[in-house]
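**Q** Pasting in a structure now, in structure tokens, and then I'll have a few things to ask.
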Amino acid sequence: MIAVTACERNAGRKFRELIRQKGDQLGRSPGAIKVQRCPKTDKATLGDAVFVPESDVHHVLDSDIMLGVSHAIEDLALDIGEGELIATFQDFSNFEYQRKRYNQLATKLNAVRVWGAGPKPKGCPKIDFITADDPKIKRYWLVLFDSPRCRAILLCRQINRAKTFEKKHFIGFYSFNPYL
């Protein structure tokens, strides 16, 4: 980043506080993700703990960290209490685990939009559900928050073919840059 805006700095500070809490809940070092070193190239792959960068770089995230970063952005949205949240779920059946959380977000925010494949969930009148069942789109995980006071985005693509959530790995980035 060349110049950091006040919005980006404030959102980043709040995010680091929230991600530390998520790391504590997972029993990991604050902001650490698991990677391992490739014996041939000595480059990082999935396994050892390294710290999550604070700038707009791509990094590999496991399912626990993806969920932690997503929840930190959602918590940021709840703290701000206004704006729009957009999130993708590879399948709407995955939404069921987050139903209570997203209904709470929908009562505080101006708009909550959830994209996914399969039958749309019922009983969430304040949430806009958008069908997105193209196989290319289903590989991505997006959480986007936009308000007049704060912006945040998490955008990652699944890099393995795992079907169970716990075994999925992603590559991508998160940012608080309001111009992104």
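**Q** Quick one: ranking LYS122, LYS14 by accessible area, 1.4 Å probe, largest first, what do you get?
**A** Largest accessible area first, the list is LYS122, LYS14.
**Q** Quick one: length gained pulling ILE159 to HIS58 fully straight, 0.36 nm per residue minus the C-alpha distance?
**A** 35.1 nm
**Q** Still on this structure, I have one more. Give LYS120/LYS168; LYS108/LYS163; LYS108/LYS167; LYS100/LYS138; LYS100/LYS167; LYS22/LYS100 a once-over and call out the pairs whose C-alpha atoms are over 29 Å from each other.
**A** LYS108/LYS163; LYS108/LYS167
**Q** Please report, as a whole percent, how much of the solvent-accessible surface of region 49-180 comes from carbon and sulfur atoms (probe radius 1.4 Å).
**A** Ligands and nucleic acids excluded, carbon and sulfur reach 54 percent.
**Q** Of ARG149, ARG161, ARG101, which has the most accessible area with a 1.4 Å probe, and how do the rest follow in descending order?
**A** Descending accessible area places them as ARG161, ARG149, ARG101.
**Q** Using a 1.4 angstrom probe on the protein heavy atoms only, could you order TYR174, TYR97 from most to least accessible area?
**A** TYR97, TYR174
The values are calculated or read from the model by the stated rules, or taken from the named source; none is laboratory data. Remember, it's a predicted structure, so these values are computed and weren't measured experimentally. The area values use the complete protein model at the heavy-atom level, side chains included, leaving out ligands, DNA and RNA. Shrake-Rupley method; radii C 1.70, N 1.55, O 1.52, S 1.80 Å.
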